[in-house]
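S.K.: Shown below is the structure under consideration.
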Amino acid sequence: MIKFTVNGAEHQFDGDSTMPLLWYLRDHAGLTGTKFGCGIAQCGACTVHVDGEAARSCTLPVAGLEGKKITTIEGLAEGRLHAVQQAWMEQDVPQCGYCQAGQIMAAVDLLKRHPDPSDEQINTLTNLCRCGTYPRIRSAIKRAAALAKSESAGREADA
Amino acid sequence: MSKQSPNVSPLRDWQQDLHDRSVPTVSTTHADRRSFLKASLTAAGALLITASLHPRRARAESSSSPGMLGFFVRIDTDGTTHIGARSPEIGQGVNTSLPMIIAEEMDADWARVKVKQMPMALKKIDEAPGIAWKYGPQGAGGSTSIPSAWSDLRQVGAKVRQLLLQAAASQWEVPVSDLRTEAGVVIHADGRRLSYANLAASAATSAWPEADVPLKDPKDFRIVGTAQPQVALREIVTGRAEFGIDARMPGALVAVVARCPHFDGEIESFDASAAKQIPGVREVLVLPGPKHGEPISANLATGVAVLADDSWAAIKGRRALQIRWKPGPYAQESSASLDRQCAELLKGEGIRCREDGDFDAAREAAARTVEAVYRVPYVSHCPMEPQNACVHVEADRVRIVAPMQSPSGASRVAHQLTGIDRFKIDVRMTRVGGGFGRRLSNDFVAEAVLLSKLSGKPIRLLWTREDDMRHDFYRPFGHHHLIASVDEQGAVSSWAHRLASASKYYRRPNVKPEDMWNPEIYPDDFPAQLVSNLRLEWFAVDSGMTRGSWRAPAHTANAFAVQSFIDELAVATKRDPVALRLAMLGEPRELEYGGHGGPVFDTGRLAGVLRRAADKIGWGRDPGKGRGLGIAAHFTFGGYAAHAMEVAVADDGSYRIERCVCAVDVGRPINRSGLEAQMIGGTIDGISTARNLEIHIRDGQVVEGNFDRYRLLRMADAPDVEVEIIDSEADPAGAGEMGIPTAAPALTNAIFAASGVRVRSLPIGPKIAAG
């Protein structure tokens, strides 16, 4: 029996522990926001956070998840949309939208590491978008950085 | 569920509240078992039927369904306006742009509009073939959704407005001529106001106007021509948008298929005993496929299917299959053998697709002749969402929920494979994770239909990335031989485009051999009618690869060849590449264009985008050492686009796009944000494909299987795209395909300008060969 949390909720799994987290989420947890794109950690459509860091769930067997905290796109907004989600909407980023959950999870991770990312730091993102939304992703990440900054300034002012 | 999905509910019946609720349901996800979405089995039956056909019934239906105004619009008493989106949303933005057209003409308050994907619906008609679209065309291909909508959905919106005006007129007992509308409100000349919310119930009891009603003057547009974010944004960024792969049917088994990797190969033998030992694997079935030479009208290849309780068990089960494949007649085919075949073919004579004037004599008499051969490889569509489908074949009905570009094709193939009446085949479009032409084919739907029929169970078919990349309808491979001559004055006096290609019509049912060239070379394309001695010639390449429509089909190959060659011609004759193009286009005028996107090709509009792109990039300036400017312009399916790029080439041959301009004229813009997105996306697609992408063949099999070898462009190499929209008042064309064809030649022309190296074979690769 493997126990971990997904978006704050306790999960336990006693099925095939070689199953990648992606398929657990999609087929067993009913969380289909995390997408299957390649199965070999190349495209990033399946990006989730494991203990707060971006991970490609298509190659992450459930066996290694004991005690881990998983966050998926469905659990990213806490009460209200995350700054990255807000920025994505402001910039009208998605086209088909299929890769965007993974793009957003990767961008949140990038902004944790680099709250004010340079173009070079944004260039380290390797998530694929077949529709070619990269230019709008780039502007949305910069916008999210600004939003996050003003939110935290707001919080400090409140305190 | 409506709280979770405020804007779009793809699997939900568009008119669900109006229908018989006793019909079976389709669920969205396992998590949502309690909120199974009600979805009616067939769109025929208890639906509203146009008043002209069944006036009494229509009234009766509407009275029990308040606020429903025709097929597309329902207005709730709180003012929420639901508008149906009939075409599949593949990322091209039609779930936003098409409802914008209806909302404009009905004068809706766009802020109160919620959009829903409509199911596919057919109606019986007396004339052959006895069946027709009920809501108008519902495919996504050829950049046709917007032009179609412009011709019929404006009327839909205007008729809704008419019904609301009549309802207000009868309530106030005043003539309609005293009334006008603003966003969601009818206003009397004396200032009285009635909201659409208050009028909808009574308006819904009136008969749907049969005759056309007056349309708005475009100068009064408030919605069309603005920039609107796409309607499904919130669902997408929260992970709640429902794609085909997210659809679920209760009791469905997941099917993963091992398909024969050899072109036209067969199963020699297989052993499924190990696969059946995998926990969760329920069944292993042979999936029959088409034989060598047969038309492909259903699935693509023979295979062995593993049916399991979940995706992982099915994937593991497939891995455990022991299969011996028998290679087919193309076992010797390779990318190199196709190159040799093309070179050999081009030595001979092909089919004359167009012959104007006397090409041979003009060439003979010319002051100067230039020629070059360009190579365009096979490429894969690889939409981010791999193929999938949920299908349940029952004794007398079929349910299909899938990401499709051609839902009517899905209905046809299900009918072909089951014999079940098409009105008992329920086809629902989900949001689609990319189309690019791949999902115009319904081979994956056919597989799911066959497997459901064989197993008797609902099937959730899942393709892996390798399945998708190795079993595609690839963009055709070809060699383009171009020849042009100039006279003493420097004018282009003759032009030939000799193309050896693997026709996209390969194995398409009902295509005559003499028509195989039709999708490869479009006879009215530039520079036809602009050069008096012109020859278009085609040679059939024999290849076992299945081919099909890849975003902007032959335009991507032909514009690369033609727009590269113009550049070569300009260099050879010491002309400016922009000036040469403008000289060839001549005075602005309309030329006949018989192909898709016609009936006219306007030389002035093509010159317009060319000039705009040139101005924006600063054409004519010296960009400095190691840098160059490149340009290209092309007419695609009714739209005009040009790219201008500034490229820096380093000493090691690596290159970088420093600036990228895309100028576009697709007539009146509907949604500026969506149009800009399509141009950005088309441009990036064009650059990505030109830079890195080729599907190689070895021993009659596809080599690449996943994104590790098939290197789509990533963020680090994606330039910003400066989109310049021409403010045209012409009727709108689509926008899904125009952004691609000129990206590759603008890039290679800029590489030449920067380095002196002419790239004639795609893909370019991450570095150019030393010049």
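A short reminder: the numbers here are calculations on the coordinates, not readings from a lab. For clarity, every value in this text was computed on a predicted model and none was experimentally measured. Positions of Cβ are generated from backbone atoms using ideal geometry, with glycine treated the same way; all protein chains shown enter the neighbour counts.
S.K.: Label 7 Å along Cα→Cβ of B:Asp152; the range B:397-420 residues with amide nitrogen under 18 Å?
M.R.: B:405-412
S.K.: Can you classify chain B as rounded, prolate or oblate using the Cα gyration tensor, where a ≥ b ≥ c are the square roots of its eigenvalues, rounded means a/c under 1.5, and otherwise it's prolate if a/b beats b/c and oblate if not?
M.R.: Oblate shape, in that a/c is at least 1.5 and b/c is the bigger or equal ratio.
S.K.: Additional query: Which of A:Lys149/B:Lys625; B:Lys219/B:Lys616; B:Lys326/B:Lys347; A:Lys3/B:Lys453 have a Cα-Cα distance over 30 Å?
M.R.: Going by Cα-Cα distance, A:Lys149/B:Lys625; B:Lys326/B:Lys347; A:Lys3/B:Lys453 fall outside the 30 Å limit.
S.K.: Can I ask one more? Which of B:Asp472, B:Asp152 comes first, and how do the rest follow, when ranked by fewest Cβ neighbours within 10 Å?
M.R.: Lowest count first: B:Asp152, B:Asp472.
S.K.: Modelled label-to-label distance, B:Leu530 and B:Ala572, 7 Å Cα→beta-carbon offset: nm?
M.R.: 1.7 nm
S.K.: Express in nm, to one decimal, how much length is gained between B:Asp78 and B:Ala367 on full extension, taking 0.36 nm for each residue of separation and deducting their alpha carbon distance.
M.R.: 96.5 nm
S.K.: Under 10 Å, Cα contacts only: if you run a Gaussian network model on chain A, which one of A:Glu66, A:Glu78, A:Glu90 comes out with the highest mean-square fluctuation?
M.R.: A:Glu78
S.K.: As an exercise, use a Förster radius of 51 Å and the Cβ-Cβ distance of B:Ser269 and B:Asp652 to find the FRET efficiency, rounded to the nearest 0.05.
M.R.: For R0 = 51 Å, the calculated efficiency reads 0.50.
S.K.: Got a sec? Which residues in the range B:157-178 would a label at B:His188 touch, if it sits 7 Å along Cα→Cβ and we count backbone N under 20 Å?
M.R.: B:162-178
S.K.: Anything over 29 Å Cα to Cα? Flag those among A:Lys35/B:Lys316; A:Lys68/B:Lys316; A:Lys35/A:Lys68; B:Lys291/B:Lys457; A:Lys35/A:Lys69; B:Lys316/B:Lys424, in the order listed.
M.R.: Those over the limit are B:Lys316/B:Lys424.
S.K.: Please give the average number of partner chain Cβ atoms lying within 10 Å of the Cβ of each residue in B:93-100, rounded to a whole number.
M.R.: Other-chain Cβ atoms within 10 Å of each residue's Cβ, averaged: 1.
S.K.: Based on the Cβ-Cβ distance of B:Asp615 and A:Asn123, what FRET efficiency does E = 1/(1 + (r/R0)^6) give at R0 = 22 Å, to the nearest 0.05?
M.R.: With a Förster radius of 22 Å, E is 0.15.
S.K.: Helix by helix, which DSSP H runs in chain A go 24 Å or more along their axis at the Cα atoms and have an average Kyte-Doolittle hydropathy of 1.0 or more?
M.R.: none
S.K.: Which lysines, if any, have their Cα less than 18 Å from the Cα of B:Lys114, not counting same-chain residues under 8 positions apart?
M.R.: Those lysines meeting the cut-off are B:Lys3.
S.K.: Which loop-located GluC sites (Glu not before Pro) does the range B:304-361 contain, where loop means any DSSP state but H, G, I, E or B and the Cβ has at most 13 other Cβ atoms within 10 Å?
M.R.: B:Glu349
S.K.: Could you line up B:Glu514, B:Glu646, B:Glu268 from fewest to most neighbouring Cβ atoms inside 10 Å?
M.R.: So the ranking, lowest neighbour count to highest, is B:Glu514, B:Glu268, B:Glu646.
S.K.: Take peptide B:703-711, look around each residue's Cβ out to 10 angstrom, count Cβ atoms belonging to other protein chains, and average those counts.
M.R.: 3
S.K.: Now a separate question. Starting from the Cα gyration tensor of the protein assembly as shown, take the square roots of the eigenvalues, sort them a ≥ b ≥ c, and report rounded, prolate or oblate (rounded when a/c is under 1.5, otherwise prolate if a/b is larger than b/c, else oblate).
M.R.: Rounded, since a/c falls under 1.5.
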